[in-house]
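Before any comments, here is the structure.
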Amino acid sequence: MNNIKYSALESKRFGMEIFRGNMDETDIDFLKDFYANNDPDILIFRIPVGFQHQLHLLNSLNKDIINADTLVYYQVDLKKTTYVPLSNPGLIFKIAGPDDKPVFQNLVPRIFSNYTTHYFSNPLLKREKITEGYMEWAINSIDVPGNFHLLIYLHDEPVAFITCCNDDQCAEIILNGVVPECQGKGIYTDVVRYVKAHYNRLNIPYLKVSTQIQNFPVQKVWNKEGLVLSSAYVTIHLNKRR
């Protein structure tokens, strides 16, 4: 199923017309029909990695093609995994609410200033606006029913956060991170352990999370905590030629 829609938030953030979505494969006929009716500055879409051999078909569209990143998903069966105690007993986990938005506004730029995603692959997108996007992602979804936002404190200072959502079958970690000066101390591992236990108590069967393929440190943590690679997608940007 092809699902390409106008992205109002990204269009406003970057000051250009952006469409984005997902495709089951590189459906060149669908894309030709799309461009017959639309003329975006950027089209962003993801396809399963099993269809990346079809990407050469995009050459017929007369667009600048950027193979922007590879996104990998990990998943764990919460009824079959193991649960290990936290290694940092001094951590305080606080459920975040609207009043905590300033804390996220402080944490997100510190954590994501040098983190590269598919946005960084596109020279048309301003770097400072990319970080703003992570901030919007974190704070604009605090009030959404079913979302779960945590702030993690150490010695009364916020050092990490995690945002999640779920339905009856699966929870998903959406955005998370630890401030640079506190990395390498097992805090991120404890955050993952905490979230696993939280959703197990809610009887949610599965937990999943995604990242860019080059983000090796978090994937090592996920493997250690029982999450296994379940799927992968190629992210493509098609830029209007100028």
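The values are calculated or read from the model by the stated rules, or taken from the named source; none is laboratory data. Predicted, not measured: the structure shown is a model, and the values here were computed from it. All Cβ positions, even for glycine, are placed from backbone atoms using ideal geometry, and neighbour counts span all protein chains on display. What goes into the accessible areas is simple: the full protein's heavy atoms, side chains included, and nothing from ligands, DNA or RNA. Shrake-Rupley method; radii C 1.70, N 1.55, O 1.52, S 1.80 Å.
Among the numbered criteria (1) hydroxyl-bearing (Ser, Thr, Tyr); (2) surrounded by fewer than 20 Cβ atoms within 10 Å (Cβ to Cβ); (3) farther than 29 Å from Leu43 by Cβ, which single criterion is violated by Ser141?
(3)
Filter region 124-138 down to the residues that are in contact (Cβ under 8 Å) with a residue 24 or more places away in the chain and open to solvent by 70 Å² or more (accessible area, probe 1.4 Å), then identify the one that is nearest to Arg241 (Cα to Cα).
In this case the residue turns out to be Lys126.
Is region 113-123 home to any residue that is among the small types (Gly, Ala, Ser) and open to solvent by 20 Å² or more (accessible area, probe 1.4 Å)?
Checked region 113-123: at least one residue is among the small types (Gly, Ala, Ser) and open to solvent by 20 Å² or more (accessible area, probe 1.4 Å).
What number of residues within region 189-242 satisfy the criterion of being aromatic (Phe, Trp, Tyr) and touching a Cys at 6+ places or on another chain (Cβ under 7 Å)?
The number of residues fulfilling the criteria is 1.
Can you tell which of Tyr153, Tyr199 is modelled with pLDDT of 95 or more, of a type outside the set (A, V, I, L, M, F, W, C), over 30 Å from His56 (Cβ atoms) and open to solvent by less than 30 Å² (accessible area, probe 1.4 Å)?
Just one listed residue meets the conditions, Tyr199.
Can you find even one residue in region 226-235 that is outside any strand (DSSP E or B) and either open to solvent by 10 Å² or more (accessible area, probe 1.4 Å) or in contact with a His (Cβ under 7 Å, 6 or more places away or on another chain) (or both)?
yes
Testing Pro205 on (1) within 27 Å of Thr235 (Cα to Cα); (2) open to solvent by less than 60 Å² (accessible area, probe 1.4 Å), one condition comes back false. Which one is that?
Checking Pro205 against (1) within 27 Å of Thr235 (Cα to Cα); (2) open to solvent by less than 60 Å² (accessible area, probe 1.4 Å), the one that fails is (1).
Sort out for me the strands (runs of 3 or more DSSP E) sitting completely within region 103-181 that have 2 or more residues that are polar (S, T, N, Q) and within 23 Å of Ala197 (Cα to Cα).
Fully inside region 103-181 and qualifying: 157-166.
Looking only at region 200-210, decide whether some residue is under 30 Å from Ile42 (Cβ atoms), of a type outside the set (Lys, Arg) and under 19 Å from the mean Cα position of the chain (by Cα).
So far as region 200-210 goes, yes, one or more of its residues are under 30 Å from Ile42 (Cβ atoms), of a type outside the set (Lys, Arg) and under 19 Å from the mean Cα position of the chain (by Cα).
Would you pick out the residues in region 82-105 that are in contact with a Leu (Cβ under 7 Å, 6 or more places away or on another chain) and loosely packed, with under 14 Cβ neighbours inside 10 Å?
Within region 82-105, Gly90, Ile95 qualify.
For region 159-191, which residues satisfy the criterion of being under 20 Å from Asn106 (Cβ atoms), over 19 Å from the mean Cα position of the chain (by Cα) and crowded, with 19+ Cβ neighbours inside 10 Å?
Matches in region 159-191: Val159, Ile187.
State whether one or more residues within region 186-208 are among the β-branched types (Val, Ile, Thr) and in a strand (DSSP E or B).
There is no residue in region 186-208 that is among the β-branched types (Val, Ile, Thr) and in a strand (DSSP E or B).
Six or more apart or on different chains, Cβ atoms under 9 Å: show the pairs whose first residue is in region 35-58 and in contact (Cβ under 8 Å) with a residue 12 or more places away in the chain and whose second is among the basic types (Lys, Arg) and open to solvent by less than 40 Å² (accessible area, probe 1.4 Å).
Pairs that qualify, where the first residue is in contact (Cβ under 8 Å) with a residue 12 or more places away in the chain and the partner is among the basic types (Lys, Arg) and open to solvent by less than 40 Å² (accessible area, probe 1.4 Å), are Tyr35/Lys63; Leu43/Lys63.
Test each condition in (1) in contact with a Ser or Thr (Cβ under 6 Å, 6 or more places away or on another chain); (2) free of Cβ contacts under 8 Å to residues at least 12 places away in the same chain; (3) not acidic (Asp, Glu) for Asn203 and report the one that comes out false.
It fails just one condition, (1).
For region 209-219: of the residues being outside any strand (DSSP E or B) and polar (S, T, N, Q), which is least open to solvent (accessible area, probe 1.4 Å)?
Per the stated criteria, the residue is Gln219.
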